[in-house]
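Below: the structure, in structure tokens.
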Amino acid sequence: MKYYSTNGKAPMADLQKAVVKGLAEDRGLYMPEEIRKLPKVFFDDMAGMSFQDIAYNVASNFFGDDVDEDALQDIVFDTLSFDCPIVKVTDNIYSLELFHGPTLAFKDVGARFMARLLGYFLRSGGSAAHKTVNVLVATSGDTGSAVANGFLGVEGIHVYVLYPKGKVSPIQECQFTTLGKNITAIEVDGVFDDCQALVKNAFMDTELNQHMMLTSANSINVARFLPQAFYYFNAVARLSALKRQTSDIVMCVPSGNFGNICAALFGHEMGLPISRFIAANNANDVFYEYLQTGQYNPRPSVQTLANAMDVGDPSNFARIYDLYGKSHERISSLISGATYSDQQIAETMRQCYKETGYILDPHGACGYQALKDGLKPGEVGIFCETAHPAKFKEKVDAILGTDIEIPDRLQAFMKGQKQSVPMSKDFQDFKAYLMKQ
Ligand SMILES: *Cc1c(COP(=O)(O)O)cnc(C)c1O
């Protein structure tokens, strides 16, 4: 499979190049040149298949030409060492729980898959062979933990997580500062934008790139976003196994950079029977506005309760736009939008807890409410519960008046010893540090 750039001005890339580079030379996003439909027999059999087997079928549709069959199976099975179940919340609304992985958010799936695929390319030769690949990632909290844990212990790869000192929650910080091994946490005396600037400067520095092989594990990477399609297939399979009618499924995805919903749309192109999609936003609603007006006007993000969705210029918009031939009509007939204020998010969390006993996190709450507001008679809705509520324990407890339990695997991080390298926000200091590695 070859990958082209959404900007149309870069050469086609093979999978290895697309994964190692992340972004095309023209700053566009890589897209697979074709999306093959999966055969009818696969859909007929899906309800009786395991999550891992379903995922392997989906993976091989994209990566089967470029990755050896057994290796791909190992990568998929190893990535999915945890389940992504659906849980009934109301009569016609199900939660697709994506928080059963090591860092309790859906980003575990993509990060684990990408780490293992990169590891495979390192072992199997080609341009990436025999060198340590250094992954640089700037984080405001969640991405760093998913990437660090996804890459933990993968041979041939070293990860540097840059995070702003004092600006991430203690629960988030411990998920990437206590790991050791091939993970180095760099505590930058600055804000998130300073961390991002250090990473960007590092990628552009010729001397540094001669010294070491650098790559990013950004969420726009094809190896991070495509595997997210796995759990949408599994959700539909599990729903049909429950003997629910599955002709009118609405998939609702709380969205920030739109990578997660984009993977669902790719699934739909592969034949997954979902009748329509809802992109649920917090107050950062440029996509919602695009659906209404046809105008895409990116703007700076505002801070909200559902902060992993605080994105003012969603990077995967380019993919969705390209996938549907830049047609506003096609996009808006398949996807509808919703947008919620912090006050509405909190109210949804309280209502849902009172009526059903289900504890939503602030991101999932946007998805749940969008289904409540948008489902038509006869439709069944599934929303992504993108993170475990305990990741936002203080906020959730304050809103619900609860004292929710912190899962063991999260507590285990909190008991670890913090290790980090202090760094100024001056690029020369960061470069000098990397040149010594
Ligand atoms: C990253 C994230 C999102 C947004 O997902 P996108 O793929 O960027 O749209 C939503 N919820 C949580 C908890 C996240 O970590």
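Laboratory data are not the source of any read-out in this text; all were calculated from the coordinates shown. None of the values given here were measured: they were computed from a predicted structure. Cβ placement follows ideal geometry from the backbone for every residue including glycine, while neighbour counts extend to all protein chains displayed.
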Exercise. Counting pairs of Cα atoms in segment 164-218, how many percent are more than 18 Å apart?
Worked result: 45
Exercise. Could you give the dipole magnitude of segment 323-390 about its Cα centre, charging the beta-carbon of Lys and Arg +1 and that of Asp and Glu -1, in debye to the nearest 20?
Worked result: 180
For this session: Report, ordered by chain and residue number, the lysines lying within cross-link reach of residue 326, taken as a straight Cα distance under 27 Å and ignoring same-chain residues fewer than 8 apart.
Result: 2, 9, 17, 21, 37
For this session: Take the cross-link list 88/372; 107/165; 88/243 and give me the ones stretching past 18 Å between alpha-carbons.
Result: 107/165
Exercise. What spacing in nm lies between the two simple spin-label points modelled at residue 428 and residue 329, each 7 Å away from Cα in the Cβ direction?
Worked result: 5.9
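Place a +1 charge on the Cβ of each Lys and Arg in the chain and a -1 charge on the Cβ of each Asp and Glu, then give the dipole magnitude about the Cα centre in debye, rounded to the nearest 20.
My answer is approximately 180 debye.
Above 20 angstrom, tally the Cα pairs of segment 1-117 and express them as a % of all pairs, no decimals.
The share of Cα pairs beyond 20 Å in segment 1-117 comes to 54 percent.
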Exercise. Which whole-number percentage describes the relative contact order of the chain, with Cα contacts under 8 Å and a sequence gap of 6 or more?
Worked result: 19
Exercise. Which three semi-axes in whole Å describe the equivalent ellipsoid of segment 128-184, each the square root of 5 times a Cα gyration tensor eigenvalue, listed largest first?
Worked result: 22, 11, 8
For this session: Among 213, 274, 404, flag the residue with its Cα farthest along the positive direction of the charge dipole of the chain, charges on Cβ as +1 for Lys/Arg and -1 for Asp/Glu.
Result: 213
Exercise. How long are the three semi-axes of the equivalent ellipsoid for segment 285-437, computed from the Cα gyration tensor as the root of 5 times each eigenvalue, in whole Å, largest first?
Worked result: 33, 28, 13
Seminar exercise, completed: Dipole check, the chain, charges on Cβ (K,R +1; D,E -1), about Cα centroid: among 230, 437, 346 the Cα furthest to the positive pole belongs to 437
Exercise. Quick one: Debye curve from the C-alpha atoms of the chain, no solvent, what's log10 I(q)/I(0) at q = 0.06, 0.11, 0.12 Å⁻¹?
Worked result: -0.23, -0.83, -1.01
Exercise. What 222 nm value per residue comes from the helices of the chain, counting each DSSP H run with n ≥ 4 as -39,500 (n - 2.57) and dividing by all residues, nearest 500 deg cm²/dmol?
Worked result: -13000 deg cm²/dmol
For this session: Calculate, for residue 212 and residue 419, the FRET efficiency according to 1/(1 + (r/R0)^6) with r their C-beta to C-beta distance and R0 30 Å; round to the nearest 0.05.
Result: 0.90
Seminar exercise, completed: The farthest towards the positive end of the charge dipole of the chain, of the residues 356, 420, 382, given +1 on Cβ of Lys and Arg and -1 on Cβ of Asp and Glu, is 420
Problem set entry | C-alpha center-to-center spacing [segment 57-135, segment 271-291] in angstrom | 24
For this session: Evaluate the distance, in nm, between pseudo-label points positioned 7 Å from the Cα of residue 191 and of residue 124 along their respective Cα→Cβ axes.
Result: 4.3
Problem set entry | Proportion of all alpha-carbon pairs of segment 88-213 beyond 27 Å (%) | 25
Exercise. Suppose every K and R has +1 on its Cβ and every D and E has -1 on its Cβ; what is the size of the dipole of segment 114-261 about the Cα centre, in Debye to the nearest 20?
Worked result: 700
